[in-house]
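A quick write-up on the structure given underneath.
Each reported figure results from applying straightforward, stated rules to the coordinates on display, with no laboratory input. Source: prediction; values computed, not measured. Methodologically, a virtual Cβ is constructed for each residue, glycine included, from the backbone with ideal geometry; neighbour enumeration extends over all protein chains shown.
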């Protein structure tokens, strides 16, 4: 199931019910170190629930989730980016990025000025969230998710609240940052072209209760740029996934 | 306008005194008025402080325990809808006619706004933020200080602003039911003697105490909640 050899996350026969409502049914897959995986599927199918289970926010009803060699939940291994920036309004940009370091007792973390520089936030360190644009707020959220060097970056429709132009720019920025920091990433989205562009593999889920319909290996060369989005391989790949939906 | 309309409409001095008579009452009795104002201000402020500290602490404890909250809240809401000033006579029986009774009367009317608002503020947290903190698996205590408490700040200040005027109401009512000092006492005694200008002077002073408290809280609010506009003005 995993092409990169070393699995960092192994999910086996995962099931999740909310009372009598079955949301996830028999989900199994593995994530390789440094891989970028997208989970796509119809809206309300339980994609976000799956991400929350992986990140340890929710517990599965049954099945197992193995992280590296352990089945227990490890703190400070998952960095979340949500659809909304979810910044603390009373904290400045740099204080927001620093939040995880105050809450987690982790000794190994990125140099904050460097991270701010990579994400193009230099010069805005002292700004409050309300003084920043939507795109910048989401970049702060990304920096906050990365600052404590998590093993896995979890992106829950990270561009959902952004306008089209910012969205277009941000997906390349996320790819570049993930590449630069060689982060393992799992992204939930309902945008198939976006998933194809950014991922090594795309996992397609069915309607609720969600099962894995198919896993697509995306063989487009890396690093990927705007040219790829108009190439015939790209369009064929997107169409192939759409047909299974 | 008041100064000219009152003689024009032939309103008697003991119904509505002239502003000049009120000014004269201020001038004649400023020493004792100042003393009574100080007493009422002290009672109001102490009651205000007591209610808000206890109310905030109780709210913090209640929001940490769902079962405790379920047990206490019905009583709190029942008490909240009771006109609290109706308790003033029993306070006299319990605590005598000294300053303690006025402080408790003032605290009693300030208590429910802070309790209810703090609970609302501490628990009214968007799910996204709870997920963010859950993703760090951080302690309840750290979530409280880094998320719940700052989020509740605007609600707390809203209650503090309401309490500023309520605290004076509480103290005055406390003085009405039995006192030998304070502005409530001055109002009551001057009504017996039909010294209406003096009575108005005392009413104006009690309003000024409330306005003074209110403005201090507004100033503090601007300093403390620098990240947003006030939620109720």
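Going by Cα centres, the range A:17-44 and the range B:203-229 are how many Å apart?
A separation of 53 Å, based on Cα centres.
For chain B, what does the helix formula give at 222 nm: sum of -39500 (n - 2.57) over DSSP H segments with n ≥ 4, over the residue count, nearest 500 deg cm²/dmol?
Estimated from H runs of four or more residues: -26500 deg cm²/dmol.
Taking beta carbons within 10 Å but only from partner chains, what does the mean come to for residues B:127-133?
For this peptide, the per-residue mean of nearby foreign Cβ atoms is 6.
Which percent, nearest 5, of DSSP beta bridges in chain A are antiparallel?
Counting DSSP beta bridges with both partners in chain A, the antiparallel share is about 50 percent.
Let me have the relative contact order for chain B, percent, based on Cα pairs under 8 Å that are six or more residues apart.
Relative contact order here is 29 percent.
Restricting things to alpha carbons, tell me how big chain A is in terms of Rg and Dmax, in Å.
Using the Cα atoms of chain A, the pair Rg, Dmax is 17.7, 51 Å.
Compute the Rg to Rh ratio over the range B:39-224 from the alpha carbon atoms, using the Kirkwood formula for Rh, and round to two decimal places.
A ratio of 1.08.
At what distance in nm do the modelled label points of residue B:93 and residue A:114 sit from each other, each positioned 7 Å from its Cα along Cα→Cβ?
Here the answer is 7.4 nm between the modelled labels.
Could you give the length gained on full extension between residue B:215 and residue B:42, defined as 0.36 nm per residue of separation minus the Cα-Cα distance, in nm?
Computed gain between residue B:215 and residue B:42 is 60.6 nm.
Which residue, A:79, A:41, A:134, tops the fluctuation ranking in a GNM of chain A built on C-alpha contacts under 10 Å?
Result: A:134 has the largest fluctuation of those listed.
Using the basic label-point model (7 angstrom from Cα toward the beta carbon), what is the residue A:172 to residue A:222 distance in nanometres?
1.8 nm
Using the beta-carbon distance between residue A:22 and residue B:208 and R0 = 60 Å, what value does 1/(1 + (r/R0)^6) give for FRET efficiency, to the nearest 0.05?
0.35
Please check: in the Gaussian network model of chain B (C-alpha springs, under 10 Å), which one of B:49, B:208, B:147 has the largest mean-square fluctuation.
B:147
If R0 is 22 Å, what FRET efficiency do you get for residue A:62 and residue B:137 from their C-beta distance, rounded to 0.05?
That gives a FRET efficiency of 0.50.
Between residue B:193 and residue B:5, what FRET efficiency comes out of the Förster formula 1/(1 + (r/R0)^6) with R0 = 22 Å and r the beta carbon distance, rounded to 0.05?
For residue B:5 and residue B:193, the calculated efficiency is 0.30.
Counting alpha carbon pairs within less than 8 Å and at least 6 residues apart, what relative contact order, in whole percent, applies to chain A?
RCO, chain A: 27 percent.
Would you calculate a helix-derived [θ] at 222 nm for chain A, using -39,500 (n - 2.57) for each DSSP H run of n ≥ 4 and dividing by the full residue count, to the nearest 500?
Rounded to the nearest 500, the figure is -9500 deg cm²/dmol.
With axes computed from alpha carbons, what is the tilt in degrees of helix B:183-192 against the longest principal axis of chain B, rounded to the nearest 10 within 0 to 90?
Approximately 30 degrees, to the nearest ten.
Please work out the C-alpha center-to-center distance from the range A:105-182 to the range A:57-96 and express it in whole Å.
Here the answer is 15 Å between Cα centres.
Over the range B:1-102, how many percent of alpha carbon pairs lie in each 10 Å bin up to the one with the longest distance?
Each 10 Å bin holds this share of Cα pairs: 12, 23, 23, 21, 13, 7, 1.
Starting from 0.36 nm per residue, how many nanometres of slack lie between residue A:182 and residue A:102 once their C-alpha separation is accounted for?
Taking residue A:182 through residue A:102 to full extension adds about 26.4 nm, to one decimal.
Please find, in a Gaussian network model of chain A (springs between Cα atoms separated by less than 10 Å), the residue of A:221, A:203, A:186 whose mean-square fluctuation is greatest.
With Cα springs under 10 Å in chain A, the top fluctuation among A:221, A:203, A:186 is at A:221.
Across 20 Å bins from the origin, how do the percents of Cα pairs in the protein assembly as shown run, short distances first?
Values per bin, smallest distances first: 20, 37, 23, 16, 5, 0.
Within the range A:18-38, which residues have the backbone N less than 20 Å from the label spot 7 Å out from residue A:213 along Cα→beta-carbon, could you tell me?
A:22-30, A:37-38
Can you compute the modelled spin-label distance between residue B:64 and residue A:242, with each label point 7 Å from Cα toward Cβ, in nm?
For the pair residue B:64/residue A:242, the computed spacing is 5.6 nm.
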